[in-house]
Structures are given as structure tokens and as C-alpha cells.
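Visitor: There's a structure below that I have some questions on.
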Amino acid sequence: MKRLIPIMILCNFLLIKHSGLAQIPKSPDVNGKEWHDTQGNFINAHGAGILHHNDTYYLFGEIKKGNTWLVAGQSWEDYRVPAGGVSCYSSKDLKTWKYEGVALSPVKGDTTNDLDTGRVIERPKVIYNRATKKFVMWMHVDKNDYSYSRAGVAVSDNPAGPYRYIRSVQPNGQMSRDMTLFQDDDGKAYLIYSSEQNNTMQVCLLNDDYLSPTKIFSRILVDRRREAPALFKSEGKYYLITSSCTGWSPNAATYAVANQVLGPWKEYENPCKGAGADTTFGSQSTYVLPINGKTKTFLFMADTWNKTDLKQSGYLWLSLKINNGKVEIKKFVY
């Protein structure tokens, strides 16, 4: 949910040309302020995820705008901006992004509403349900002091939205904070979220319509205090990247591996290699995107948070590879 440096780094990441894929610019450092959409505006999509549908990539993220303030009475640096809703951008090549608009709008002046600007809307992720032909968005919704700890769900007939908010839940009565979505090869979908005051992660199977949690869930990374989950699959194994809980300040990531999505999971060391690895290169994980046609090459997506001016937070996109079952993220191309 956090981080410090307003820089987006696309770092020599070569995408394989497949179904219209092109190359990300070969620049080791690209200032976040220079990452613009086709209208020339700064891309505003934090805590993001990507949906790949019909040869188009849809980027969904938190809209951060307005003044940053520090929430009083917290034991950590709880910086906030007004909840701005969820933005959507589209691309054919992961390089040129068209602004599609606000996919999920916030609500103003209703402090009881999950989407009120005085609350928290974080880490939106979208998947497509082939059976219902609906696009389903899940997100972390909360109060500024994190006492609410729920997962919100919205639905749309179109990938770019607008999305209709349905409700929020605590899956099986459990806290749900930093979260992600994962859709397996068999079409089953899972909600993965930090729970129990961030002391565990949980993996919960969603119903067939993806709109509500089932009673099938597992507790993983127990007593490890992890957040910012990013789950992906490679050659039959499941991989989960998480960060530690250090407020908006960066820390070292770890990754875990399982043969089944519900576990058991085994945690391993920091997947980042090289200078800056101990802070995940100044960033925090948000999503891992498989590159079409490859089972061992992925795009690691992260946020570089500017805690005192959150609207100026940037992005970090890096090459992620799996070598002999080990996850490796490097700042430059292999």
C-alpha cells in the first residue's frame, strides 16, 4: 500500500512480439512525470493490475489527487489523499496508453458509503468471467484508520467500465486489506489478501460468478506480516510475491511457492537481485503480468510511493524470470 520515490523505471524490458506485443522503451530510468497517456496527461493508476482481453491490455489503478495529509493517532505514518476511485487505460503494446476514463467513480459527501472520498479505495484488480460475460473488479476498501478492512466488488459489461459497485465483505469474517485477484487455468478465481492485522495472508476461492467468497480458504504466511500480494503461475507452480509491513517506506520483498493455489506455501528469499534489492529497488509489488507465449517470463509491476505527496508517486516495471524454479527480478535486462 505504500512507497517513497516518484520514478517509473521501465528498465530495458524486452517484450516478446506475440499477438501485437511490442517493446517497452529501452531506457534504464524514465522519470514518472514523463509517463503520459496519448492525451499528454500523467498516467494516474496506482496499486494497479492489468486485464488482457481480446488483444488489448487494460490498466486499472487508484486515482491519487489532491493534498496528502497524515492521519492522526496511528502507530505508523498513515498518509492519505481523498479516495479518487479507479482509472482505466488501454494499450495494444504495453507502451502507448489511451485514457479510457474513470472505471469506478468515488462518492462525495456520504461518509457511510464504501466509495466516499473520505475513505480508502486501493489495489483494484479486474478479471473476466467467461460464463457470465461480466468483468469483475475487486479492491481493498477501508476507513482511513484501517479499522474497516474489507474487500469491495464491482461489475461491468465492458472491460473499461463503468463499473457498478455491489458491496464489500470480510471473507469468512476475516479482515481483508492489501489484496490481489488470481484466475487459474480452469477458470476458478481466488481473492488473496492480507488479514488478521496483517499477520497472515489468506487465499479464498470465489463463487462461480466471482462476486462473493466461498467458505474455501487457507491461511498462509502465518505470523510473517506480509502485504502487497502479487500471485502468478508458471509451469504448474504458483508463485506469490509480497512485501513486509513498513508503512509507506520500501523494504525487501520475498516470494513463496506452492503446488496448489490454496497451499501449502513455502516462503523463500528476496527475488530481487543487485543494488537496491533490499528495498525492492525503492518500490512495492502490485501485480505480475505473464507475457504471452512465455511460461517463464513476466512483467513485475510495482509502485514507488511518495508518502508526503502521494499524487506524485511513480511506477516500477521490471523483467521477472524463473530460473530453475527460482524467481529473479533484476533492474536491467538479462
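The values are calculated or read from the model by the stated rules, or taken from the named source; none is laboratory data. This structure is a prediction, so every number in the text was calculated from the model and none was measured. Because the Cβ atoms are built from the backbone with ideal geometry, glycine has one as well, and the counts that use them run over all protein chains shown.
Visitor: Would you pick out the residues in segment 57-79 that are surrounded by fewer than 18 Cβ atoms within 10 Å (Cβ to Cβ) and assigned to a strand (DSSP E or B)?
Guide: Of everything in segment 57-79, those that are surrounded by fewer than 18 Cβ atoms within 10 Å (Cβ to Cβ) and assigned to a strand (DSSP E or B) turn out to be Trp69, Leu70.
Visitor: Could you say whether any residue in segment 131-141 is assigned to a strand (DSSP E or B), β-branched (Val, Ile, Thr), farther than 16 Å from Ile50 by Cβ and touching a Gly at 6+ places or on another chain (Cβ under 6 Å)? I'd like the intermediate steps shown before the answer.
Guide: So in segment 131-141, the residues assigned to a strand (DSSP E or B) come out as 134-141.
Of the ones still in play, those that are also β-branched (Val, Ile, Thr) are 136, 141.
Next, from what is left, pick out any that are farther than 16 Å from Ile50 by Cβ: 141.
Right, trim to touching a Gly at 6+ places or on another chain (Cβ under 6 Å) and you get 141.
Yes, there is a match, as at least one residue in segment 131-141 is assigned to a strand (DSSP E or B), β-branched (Val, Ile, Thr), farther than 16 Å from Ile50 by Cβ and touching a Gly at 6+ places or on another chain (Cβ under 6 Å).
Visitor: What's the number of the condition Lys307 fails, among (1) closer than 25 Å to Gly61 by Cα; (2) part of a strand (DSSP E or B); (3) of a type in the set (Lys, Arg)?
Guide: (2)
Visitor: Which residue pairs have Cβ atoms closer than 9 Å, lie 6 or more positions apart in sequence or on different chains, and pair a first residue in segment 257-274 that is free of Cβ contacts under 8 Å to residues at least 60 places away in the same chain and closer than 11 Å to Ile241 by Cα with a second residue that is outside any strand (DSSP E or B) and among the acidic types (Asp, Glu)?
Guide: Asn270/Asp278; Cys272/Asp278
Visitor: If you don't mind, there's one more thing I want to ask. Could you list, in sequence order, all residues of segment 165-219 that are surrounded by 19 or more Cβ atoms within 10 Å (Cβ to Cβ), over 22 Å from Lys266 (Cα atoms) and among the small types (Gly, Ala, Ser)?
Guide: Hit for segment 165-219 is Ser168, nothing else.
Visitor: Next question. Condition first: closer than 18 Å to Leu206 by Cβ, basic (Lys, Arg) and in contact (Cβ under 8 Å) with a residue 12 or more places away in the chain. Now tell me which residues in segment 133-181 satisfy that.
Guide: Lys133, Lys134, Arg150, Arg167, Arg177, listed by residue number.
Visitor: Separate question: For segment 292-304, which residues satisfy the criterion of being polar (S, T, N, Q) and either buried (at least 23 other Cβ atoms within 10 Å of the Cβ) or closer than 16 Å to Cys272 by Cβ (or both)?
Guide: Thr304
Visitor: Another question, then. When you check Leu289 against the structure, is it touching a residue at least 12 places away in the same chain (Cβ under 8 Å), surrounded by fewer than 24 Cβ atoms within 10 Å (Cβ to Cβ) and in contact with a His (Cβ under 9 Å, 6 or more places away or on another chain), yes or no?
Guide: Criteria met by Leu289.
Visitor: Next up: Only one residue in Asp116, Asp157 is surrounded by 18 or more Cβ atoms within 10 Å (Cβ to Cβ), over 19 Å from the mean Cα position of the chain (by Cα) and among the acidic types (Asp, Glu), so which one is that?
Guide: Working: Asp157 fails: surrounded by 18 or more Cβ atoms within 10 Å (Cβ to Cβ).
When all the criteria are applied, what remains is Asp116.
Visitor: From the list His53, His18, exactly one residue is farther than 27 Å from Thr117 by Cβ and either modelled with pLDDT under 90 or of a type in the set (Lys, Arg) (or both). Which is it? Lay out the reasoning, then the answer.
Guide: Details: His53 fails: either modelled with pLDDT under 90 or of a type in the set (Lys, Arg) (or both).
Sole residue among the options that is farther than 27 Å from Thr117 by Cβ and either modelled with pLDDT under 90 or of a type in the set (Lys, Arg) (or both): His18.
Visitor: Would it be correct to say that Asp93 is among the acidic types (Asp, Glu), in contact with a strand residue (DSSP E or B) (Cβ under 9 Å, 6 or more places away or on another chain), within 26 Å of Phe232 (Cα to Cα) and at pLDDT below 95?
Guide: Criteria met by Asp93.
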